[in-house]
Amino acid sequence: MATSVSENGINETGEKVGTNKSSKMVYVVFISLIIDLLAFTMILPLLPSLLDYYGHHDEGGLYHVLLQYVHSLRSLIGAPDTPRWNSVLFGGLIGSLFSLLQFLASPMIGAASDYYGRKPLMLLNLIGIAVSYAIWAVSTNFTIFVLARIVGGISKGNISLSTAIVTDISTPQTRGKGMALIGIAFSVGFLIGPLIGAYFAKQVREHEGMFFVAPALFALTLAVINVVFVYACFKETLPQEKRAHSVGSKLQEAYDLIQPVSLFKFSAVHHAKKSDLDQMQRIGLVYFLYLFLYSGLEFTLTFLTHNRFQYDSMKQGKMFFFIGIIMSIVQGGYVRRIKPGKEKKVALMGIGLVIPSFLVIGLASTTTVMYCGLALFSFASATVVPCLTTLMSSYGQDDQKGTVMGIFRSLGALARALGPMAASIVYWSLGSTACYSIGGVLLVAPLLILRKLDLKKNTE
């Protein structure tokens, strides 16, 4: 018996034609993200040691120039002048710089991929990431290290491209599973990457000198493997007939793609229904507010455990392993099985749980209590972003999916650019308990906005 196929390439069972090929491409993206995130998350336990190293070996360089501004800010707000508090602010600066560059680059990359295709832009980004690790390997001073982070931030558009690829080859019925796989890749990355970083950090105590060369070369090796893997295994998912017709029109959208006000309005998305545009704007606002607060407190977590519980890099690696285990279980066993139309409910539950998690972590006086808060935090980490991403991925025409997801990821990057710096300043000036308590209370805002949102049923 013949099976009818719609003009969108979807048969009467709700599957896309060429499902086997599509499924393979989803797993290619999944493996590529794991390789990328193993290298990316490896630096987390190393960051305090890296900042200590440059603090002692970058006399007269960029580190000490910035330190003068830190001293001026400290005098202005009356924050403590101690190395451990200064490292929090420096860490926030590095985290914010990286995400700021992602904010600028992601929508541009997404829009360009709508015209040139996904594969060329994906390879370009992965090569840039490899170059950033090569620069890190020779970063004998803080200026070169910052340059490495700049190149890495500009090249980190592979995440938004991955969501666009999943959108290309999935249906509304299967899209949630694809986005869940992206979430699982993040979980695996945060599960294993920090442990690798903790291992290298342990070597710091045993070997003097430029300890960062070995982890940087390891990250570079992973990045090169990723480039070769994607070049050999990834097949283009955006056919020529579905691409944007003019690169000029995409370049004209550049201003909208990097202007915050235009981003929140989704101005670069054309020919969308007013109701759809309104829903995109609201989902984007929820995503931004949630990640602004979440990323800031997430970033300061390693400093909280170091300052309050004297955690070394190995203990922090074990902490991230604990978070990653729970995230993997939740995403693999629960998020992938969320039925279409239930994403809003799960996202609400995740935001609702992250609020008490930050309050518990902020008030924790023992590691047992802190780990209870981390368990709630891990569930939210596994659910909110994948569900919001699935909701957003149902909007936009085929030739604008990259633009929609690029804007969405860029809003997240903007939140991650501002969040770590804002949280670090609050942490630095008011302390960890006040920082986490304030963040937990403010998370009520995106919870209420999402709860009032009346989403459409997008089953086209």
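The values are calculated or read from the model by the stated rules, or taken from the named source; none is laboratory data. Model, not experiment: these values are computed from the prediction. As a convention, Cβ positions derive from the backbone with ideal geometry for all residues, glycine included, and neighbour counts pool all protein chains shown. Note: areas computed on protein heavy atoms with side chains; ligands, DNA, RNA excluded. Shrake-Rupley method; radii C 1.70, N 1.55, O 1.52, S 1.80 Å.
General observations
- Flag if Leu353 is among the aliphatic types (A, V, I, L, M) and open to solvent by 40 Å² or more (accessible area, probe 1.4 Å): yes
- Total residues in the stretch 57-70 satisfying the condition of being surrounded by fewer than 12 Cβ atoms within 10 Å (Cβ to Cβ) and either at pLDDT 80 or above or over 31 Å from the mean Cα position of the chain (by Cα) (or both): the figure is 2.
- Of the residues in the stretch 359-373, not one is buried (at least 24 other Cβ atoms within 10 Å of the Cβ) and among the small types (Gly, Ala, Ser).
- Search result, residues across the stretch 122-139 that are open to solvent by less than 10 Å² (accessible area, probe 1.4 Å) and not in a helix (DSSP H, G or I): Ser139
- In the condition set (1) part of a helix (DSSP H, G or I); (2) open to solvent by 10 Å² or more (accessible area, probe 1.4 Å), Pro340 is compliant with all but (1).
- Test: residue in the stretch 383-396 that is closer than 23 Å to Ile323 by Cα, out of contact with any helix residue (DSSP H, G or I) (no Cβ under 6 Å at 6 or more places or on another chain) and either of a type outside the set (Ser, Thr, Tyr) or surrounded by 24 or more Cβ atoms within 10 Å (Cβ to Cβ) (or both): yes
- Enumeration of residues in the stretch 258-276 that are in contact with a helix residue (DSSP H, G or I) (Cβ under 8 Å, 6 or more places away or on another chain) and open to solvent by less than 50 Å² (accessible area, probe 1.4 Å): Ser262, Leu263, Phe266, Ser267, Ala268, Val269, Ala272
- Leading residue by the ranking (nearest to the chain's Cα centre (by Cα)) among those in the stretch 102-121 that are in contact (Cβ under 8 Å) with a residue 40 or more places away in the chain, open to solvent by 10 Å² or more (accessible area, probe 1.4 Å) and more than 19 Å from Phe266 (Cα to Cα): Leu121
- When Phe142 is tested against (1) under 19 Å from Leu51 (Cα atoms); (2) touching a Ser or Thr at 6+ places or on another chain (Cβ under 8 Å); (3) buried (at least 23 other Cβ atoms within 10 Å of the Cβ), exactly one condition is not met: (2).
- Hey, Leu363 in contact with a helix residue (DSSP H, G or I) (Cβ under 7 Å, 6 or more places away or on another chain) and over 29 Å from Leu93 (Cβ atoms) or not: no
- The condition of being crowded, with 17+ Cβ neighbours inside 10 Å, modelled with pLDDT under 95, closer than 30 Å to Lys265 by Cβ and among the basic types (Lys, Arg) holds for Arg409.
- The stretch 179-193, residues that are modelled with pLDDT under 85 and either of a type in the set (Val, Ile, Thr) or open to solvent by less than 10 Å² (accessible area, probe 1.4 Å) (or both): Met179, Ala180, Gly183, Ser187
- Residue that is modelled with the highest pLDDT, among those in the stretch 208-225 that are in a loop (DSSP other than H, G, I, E, B) and in contact with a helix residue (DSSP H, G or I) (Cβ under 9 Å, 6 or more places away or on another chain): Phe212
- Subset of the stretch 226-254 [modelled with pLDDT under 85 and either within 23 Å of the chain's Cα centre (by Cα) or aliphatic (A, V, I, L, M) (or both)]: Ala244, Val247, Leu251, Ala254
- Residue match in the stretch 329-341 (condition: in contact with a helix residue (DSSP H, G or I) (Cβ under 7 Å, 6 or more places away or on another chain) and under 24 Å from Gly95 (Cβ atoms)): yes
- Cβ-Cβ contacts under 6 Å between residues 6 or more apart (or on different chains), taken from a first residue in the stretch 21-42 that is part of a helix (DSSP H, G or I) to a second residue that is aromatic (Phe, Trp, Tyr) and open to solvent by less than 10 Å² (accessible area, probe 1.4 Å), are listed as Val28/Phe234.
- Inter-residue pairs, beta-carbon under 6 Å, first assigned to a loop (DSSP other than H, G, I, E, B) and in the stretch 147-161, second modelled with pLDDT under 90 and among the small types (Gly, Ala, Ser), 6+ apart: Gly157/Ala105; Gly157/Ser106
- Flag for Thr174 being at pLDDT below 85, touching a Lys or Arg at 6+ places or on another chain (Cβ under 6 Å) and either under 25 Å from Tyr334 (Cβ atoms) or open to solvent by less than 20 Å² (accessible area, probe 1.4 Å) (or both): no
- Scanning the stretch 365-381 turns up one or more residues that are hydroxyl-bearing (Ser, Thr, Tyr), in a helix (DSSP H, G or I) and without any contact (Cβ under 8 Å) to a residue 40 or more places away in the chain.
- Scanning the stretch 319-335 for any residue that is free of Cβ contacts under 8 Å to residues at least 24 places away in the same chain, of a type in the set (Phe, Trp, Tyr) and open to solvent by less than 30 Å² (accessible area, probe 1.4 Å) turns up nothing.
- Members of the stretch 132-169 found to be of a type in the set (Val, Ile, Thr), over 14 Å from Ser113 (Cβ atoms) and within 20 Å of the chain's Cα centre (by Cα), listed by number: Val146, Ile150, Val151, Ile154
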